[in-house]
Every structure is written in structure tokens, then in C-alpha cells.
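A.B. asks: Here you go, one structure.
Computed from the coordinates by the stated procedures, all read-outs in this text should not be read as laboratory data. Because the structure is a prediction, the values reported are computed rather than measured. Ideal geometry is used to build each Cβ from the backbone, glycine not excepted, and the neighbour counts take in all protein chains shown.
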Amino acid sequence: MVSMQGRKKRGYSSPLRQENADATKQRIVAAATELMVGQGYSNTTMAEVAQRSGVAVPTLYISCPGGKPGLAKLVYDAALAGDVQPISQLNRPAVQAILEEPDVIGKLALYAVMASTIHQRVRPVFAVLRAAAIASAPDSGLPGVVSDIERERLAGTRGPVLHLESLGVLRPGLSSARAAEQIYALTSIEIFERLVDVCGWSAVEYEDWLTRMLTAVLLVPDPTDPDKNLDGVELGRPHGPAGP
């Protein structure tokens, strides 16, 4: 009887606790993002973030294990996902739309839109963290955070490759590891920055280019129309969710 009553109480209180924790994390992320992007990583203190987000400093450290570098990773991850909700990437609308798209080039086009949308969200945050990591001592923690971000990006490209392999459309002779590495390189934020910020491309132009590149390096060539594998892919902004 006692244990059943205890379980019932947890069932009612757990969603509320989770909602409160998510709201607190969202305030922390919003405050830290504004401060870091506005005044730089090195000029932002944990005390400032705590004050602006309305939490106690100990609460901030509990929410961000690893101190300030941990806070930087939390800010980046929130920008990557678009929120602080504990939803896996696989279960987000943009990824589900890719999995459900019947046409393989349509899948790559949706993937390109997702990559572009993510870059637009993370670009201000990552630019600050990247610059600060270069200027930081190796043992400060931030260079390790930036390295972890890159390793996670590479690991994340294996999912699309496995999906293409399961459909039997991956280019013959292309190993899954090399395919993942090519996706990792082509979807780097540095390429996005150069094409959009330096060359003046629009996001749609970047997405069309990325779809062509992914098609050319990943897919089985079309023997009936060799040009279609690179320059002849009919593109245009795909329909579907624009973010994860």
C-alpha cells in the first residue's frame, strides 16, 4: 500500500518537475547565448548568467556540469536542436521527414535543408566558441568542447549513411566510413560560411549545391544520364520541416 502510494505521487509530480527543469534550462540557455554572443565567451561569467537567468549560481553549476565549458556545450547543443527538449535527433520532425521521403534525391535535398537550417542557428554561437577556443589554453576546457562538437558531428553522419546503405543506393566501392567522412566535410559550417557569408549565396543556393554534391559523391550513378548525377539534378527548396 505504501509503495503504491509512493509511485502514484511520483507519477503526478515527475512531469511538473521535468517541466520546471526544462524551463530553468531554457532561461539559462537564453541568458548565456545572449551574453556569449554579445560580449564574447571570455567576458561572460557564470555569475552574470545566473543573475540574468534568475537562478542561483549553485543551480547553474548543477544544470551545467563542467562549469563554464559545460555551459558553452549546453548553449551549442540547444542551438543545434533548436530547443532544450530531451528529444533525440532521430525523433525530430526534420529527420522523420527524411526517413519518410520516398525519393532518394529528395532525401538528400531535405538533409541539405536541415543542415542549412542548423548552420543558421548555430553559426553565431559556434563562431564565438571557435574563436575563444583558439585563444584559450589547451587545459581550459573549451578547446575540448569544440573538439567534442566536431567528433559528434562526424559520428552523426553515420546515420544517414546507414539509411542509404539499407536502401541499396550507396555508390559501389564507397565504404560507409568514407561516405560518412564526405558528408562530414561537405556539411561543415566553414563551407557554409564561405559560400553564404563570403560568396554571398542565399540559403537556397547553398542547399541546392549541397544536394548536388551529396548526390554526386554518395549515390549510385545513373547510367542512363551521367550528367544528372551532378549538374542535372532537378532541385529547388524541398517541402517539409525546415529544422530538426
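A.B. asks: Report, in debye and to the nearest 20, how large the dipole of the range 53-189 comes out about its Cα centre when Lys and Arg carry +1 and Asp and Glu carry -1 on their Cβ.
C.D. replies: 220 debye
A.B. asks: Give me the distance between the Cα centres of the range 96-152 and the range 17-73, rounded to whole Å.
C.D. replies: Here the answer is 21 Å between Cα centres.
A.B. asks: Further question on the same structure: With a 10 Å Cβ neighbour count serving as the proxy for reagent exposure, in which order, fewest first, do Val49, Val122 appear?
C.D. replies: In increasing order of surrounding Cβ atoms, one gets Val122, Val49.
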